[in-house]
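The values are calculated or read from the model by the stated rules, or taken from the named source; none is laboratory data. The shown structure was predicted, so the numbers you read here are calculated from the model rather than taken from an experiment. Ideal geometry is used to build each Cβ from the backbone, glycine not excepted, and the neighbour counts take in all protein chains shown.
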Amino acid sequence: MRRVVVTGIGPVSPVGTGVERFWRALLEGTSGINRIQRFDTSDLPVRIAGEVLEFSPEDWLTPKEVKRTDRAVHFAVAASRLAWRDAGEPSVDPARTGVIISTGIGGLESLLKQHRVLMEKGPDRVSPFMVPMLMPNAAAGQVAMAFGFTGPNTCITTACAAGSHAVGEAFRLIKYGLADACIAGGTEASVLPLTIAGFAQMQALTRNPDPERASRPFDKARNGFVLSEGAGALVLEEAERAVARGVRIYAEVAGYGASADAHHITAPEPEGLGAIQALQACLAEAGEPPEAVDYVNAHGTSTPLNDAAETKAIKKALGDHAYRTPVSSTKSMTGHMLGAAGAIEAGIAALAVAEGVVPPTTNYETPDEDCDLDYVPNESRRVDVRFALSNAFGFGGHNAVVGLRRWSA
Amino acid sequence: MEITEIQERVSKILAENLSVPEEKVTPEARFQEDLDADSLDLVEAVLALEEEFGVSIPEEEMEGVRTVGQAAQLVASKLEPSTQA
């Protein structure tokens, strides 16, 4: 059976762009949440978010491409180029190289801008670029164009699990011989007044006005997530090729589990049944017992429902070993990057395997009886991580778990 | 409005819209070959010209337009039919 490894990581995030800055920020417990800078928030119920500031799309795309693509595509191309560079720019057969770039929402900012043009100036003024700018799959197409990769190319839109599905499905493309390498990632650029309003109406966003303390996964005082933006991309390669070219291997993608709650369109199944099924499927594919899990990068959104249901799921899937397993939610620092989250967090799990250190859950102050695991409170920790899991659960009831293992031939 | 002034303003708008240096946008410059503009680029460029000059340029009138100079002539004809080439 072909094996698959992670050789490149490209984060574009509120806590930093590029793997070194990103990883250092997470280990230091740095928050990427701030008062929203990009638009006026005076009418909005929530005024904080994780924005990617200090980002110049011109560093990654030509001026013309920048104008004709949405911010979500800018992030995706930047993340992909960073990941590819991090992987040492392998020489590949373009026809055997795939791209899966997921998103939760797509080019919403472009859609809204053109809707305003339609309302104010009429249909004759709507941009001919509106459709290619708003479509969720634009990023996957643009990344393929940026590199000339003609292998399998898709976009998976499973809300907050989308990035994780991208990594898992790309892993399968390589494992089953449909591609030799893939760029797999997720992107999201939906920090906008409309999404703030919509998520706030669902009571999904925290009303905590203190940016750095608002995202507090697993803490008793948690009361919602913090919306954020960015992209994450991984370079996945068939293991023998990676070994042959002598590149650094972060981790092996050992397993992937996907399932549906089939319960409610937004609320998690309260016992975590769908998540348990995905966790067990991931362990089964990896051929690892629950006791082998050394770290879980949790979905941990900081909503009351998710964190309680996820805790139950981890306990059910790992049994007593759950209490001995460090579980952290880096959304405490990055906020919730929706469709990008799963990809960026699979990268974090791979980094934990490679570096032997796990990032903390910040803002963890008051234990909650429903969340009684070791959440690595506030300080990163040295842990010999041989095998790690990355969880992602999305509205729609989508669950995806990716398993990352230290590479050993 | 003089045709030279129209030409200048057309070139400036097109340079901005097509993300090319203004010196490349000469009257002889061909949209596709010299300015790397595809059909969608042209639609958007025409929208920008319509906005700038307050004119309406129906799609079918753009059909024979291959160069920047031809586009400027078309705009001029909309502004003042007598200057039509």
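With respect to the stated conditions, residue A:174 is within 30 Å of residue A:248 (Cβ to Cβ) and either assigned to a helix (DSSP H, G or I) or in contact (Cβ under 8 Å) with a residue 40 or more places away in the chain (or both).
Of the residues making up the stretch A:173-209, those that are surrounded by fewer than 17 Cβ atoms within 10 Å (Cβ to Cβ) and under 17 Å from residue A:285 (Cβ atoms) are A:176, A:177, A:178.
All of A:235, A:247 fail the test of being within 17 Å of the chain's Cα centre (by Cα) and not hydroxyl-bearing (Ser, Thr, Tyr), apart from A:235. Only one entry in A:244, A:298 is within 22 Å of residue A:406 (Cα to Cα) and free of Cβ contacts under 8 Å to residues at least 60 places away in the same chain, namely A:244.
Which residue is surrounded by the fewest Cβ atoms within 10 Å (Cβ to Cβ), if the candidates are limited to the stretch A:31-84 and must be part of a loop (DSSP other than H, G, I, E, B) and polar (S, T, N, Q)? So that I can check it myself, show each step before the final result.
Our first condition is that a residue be part of a loop (DSSP other than H, G, I, E, B); within the stretch A:31-84, this holds for A:31-33, A:36-47, A:51-56, A:60-62, A:68-70.
Filter once more, so that each one left must be polar (S, T, N, Q): A:31, A:37, A:41-42, A:56, A:62, A:69.
Values: A:31: 21, A:37: 10, A:41: 16, A:42: 5, A:56: 10, A:62: 12, A:69: 23.
Ranking the candidates gives A:42 first.
Confirm whether residue A:169 is part of a helix (DSSP H, G or I), within 14 Å of chain B (Cβ to nearest Cβ), out of contact with any Ser or Thr (no Cβ under 6 Å at 6 or more places or on another chain) and among the acidic types (Asp, Glu). Considered against the rule, which asks whether it is part of a helix (DSSP H, G or I), within 14 Å of chain B (Cβ to nearest Cβ), out of contact with any Ser or Thr (no Cβ under 6 Å at 6 or more places or on another chain) and among the acidic types (Asp, Glu), residue A:169 comes out as no.
Starting from residues that are within 15 Å of residue B:13 (Cα to Cα) and among the hydrophobic types (A, V, I, L, M, F, W, C), keep the ones in the stretch B:60-75 and report whichever is farthest from the other protein chains (Cβ to nearest Cβ).
Step one: of the stretch B:60-75, the residues within 15 Å of residue B:13 (Cα to Cα) are B:67-75.
From the residues that got through so far, the ones that are among the hydrophobic types (A, V, I, L, M, F, W, C) too are B:68, B:71-72, B:74-75.
Working: B:68: 17, B:71: 16, B:72: 21, B:74: 17, B:75: 16 Å.
Only one residue fits best here, namely B:72.
Among strands (runs of 3 or more DSSP E) entirely within the stretch A:215-317, having at least 3 residues that are at pLDDT 95 or above and in contact with a Cys (Cβ under 9 Å, 6 or more places away or on another chain) singles out A:230-238, A:251-260. Among the conditions (1) touching a helix residue (DSSP H, G or I) at 6+ places or on another chain (Cβ under 6 Å); (2) farther than 18 Å from residue A:340 by Cα; (3) in contact (Cβ under 8 Å) with a residue 12 or more places away in the chain, the only one that residue A:36 does not satisfy is (1).
Please find, among B:9, B:30, the residue that is modelled with pLDDT of 95 or more, more than 10 Å from chain A (Cβ to nearest Cβ) and within 24 Å of residue A:124 (Cα to Cα).
Details: B:30 fails: within 24 Å of residue A:124 (Cα to Cα).
Just a single option satisfies the conditions, and that option is B:9.
Just so you know, in the stretch A:55-77 the residues that are among the charged types (D, E, K, R) and more than 14 Å from every other protein chain (Cβ to nearest Cβ) include one that is nearest to the chain's Cα centre (by Cα), and it is A:71.
Looking at the structure I just gave you, is residue A:233 surrounded by fewer than 24 Cβ atoms within 10 Å (Cβ to Cβ) and of a type in the set (A, V, I, L, M, F, W, C)? Full working, then the answer.
Numbers: surrounded by fewer than 24 Cβ atoms within 10 Å (Cβ to Cβ): no; of a type in the set (A, V, I, L, M, F, W, C): yes.
For residue A:233, the condition - surrounded by fewer than 24 Cβ atoms within 10 Å (Cβ to Cβ) and of a type in the set (A, V, I, L, M, F, W, C) - is not met.
What do you reckon, is residue A:31 away from chain B (no Cβ under 14 Å), more than 16 Å from residue A:340 (Cβ to Cβ) and among the hydroxyl-bearing types (Ser, Thr, Tyr)? Considered against the rule, which asks whether it is away from chain B (no Cβ under 14 Å), more than 16 Å from residue A:340 (Cβ to Cβ) and among the hydroxyl-bearing types (Ser, Thr, Tyr), residue A:31 comes out as yes.
Against the definition (aliphatic (A, V, I, L, M), out of contact with any His (no Cβ under 6 Å at 6 or more places or on another chain) and within 13 Å of chain A (Cβ to nearest Cβ)), how does residue B:57 come out, yes or no?
Numbers: aliphatic (A, V, I, L, M): yes; out of contact with any His (no Cβ under 6 Å at 6 or more places or on another chain): yes; within 13 Å of chain A (Cβ to nearest Cβ): yes.
Against the criterion (aliphatic (A, V, I, L, M), out of contact with any His (no Cβ under 6 Å at 6 or more places or on another chain) and within 13 Å of chain A (Cβ to nearest Cβ)), residue B:57 qualifies.
Exactly one residue out of A:95, A:87 is surrounded by fewer than 19 Cβ atoms within 10 Å (Cβ to Cβ) and over 17 Å from the mean Cα position of the chain (by Cα): that is A:95.
When the stretch A:85-104 is examined, which residues are found to be touching a helix residue (DSSP H, G or I) at 6+ places or on another chain (Cβ under 7 Å) and hydrophobic (A, V, I, L, M, F, W, C)? Working first, answer last.
Here is the first cut: in the stretch A:85-104, the ones touching a helix residue (DSSP H, G or I) at 6+ places or on another chain (Cβ under 7 Å) are A:86, A:98-104.
Across the stretch A:85-104, the qualifying residues are A:99, A:100, A:101.
Name the residue that is nearest to residue B:79 (Cα to Cα), counting only residues in the stretch B:38-54 that are aliphatic (A, V, I, L, M) and more than 9 Å from chain A (Cβ to nearest Cβ). So, considering only residues that are aliphatic (A, V, I, L, M) and more than 9 Å from chain A (Cβ to nearest Cβ), the one nearest to residue B:79 (Cα to Cα) is B:49.
On inspection, residue B:24 passes the criterion of being away from chain A (no Cβ under 12 Å) and either surrounded by 14 or more Cβ atoms within 10 Å (Cβ to Cβ) or touching a residue at least 60 places away in the same chain (Cβ under 8 Å) (or both). Does any residue of the stretch A:210-223 turn out to be surrounded by fewer than 17 Cβ atoms within 10 Å (Cβ to Cβ) and on the phi > 0 side of the Ramachandran plot? No: the stretch A:210-223 contains no residue that is surrounded by fewer than 17 Cβ atoms within 10 Å (Cβ to Cβ) and on the phi > 0 side of the Ramachandran plot. The residues in the stretch A:114-137 that are away from chain B (no Cβ under 12 Å) and either farther than 30 Å from residue A:84 by Cβ or touching a Pro at 6+ places or on another chain (Cβ under 6 Å) (or both) can be counted, and the count is 5. Please find, among A:102, A:80, A:110, the residue that is out of contact with any strand residue (DSSP E or B) (no Cβ under 6 Å at 6 or more places or on another chain) and either within 14 Å of chain B (Cβ to nearest Cβ) or not aliphatic (A, V, I, L, M) (or both). Result of the check over A:102, A:80, A:110: A:110. Annotation for the stretch A:138-147: no member residue is touching a Cys at 6+ places or on another chain (Cβ under 9 Å), of a type outside the set (D, E, K, R) and farther than 15 Å from residue A:77 by Cα. Among the residues of the stretch A:194-211, those that are closer than 14 Å to residue A:36 by Cβ and outside any loop (DSSP other than H, G, I, E, B) comprise A:194, A:195, A:196, A:197, A:199, A:200, A:205, A:211.
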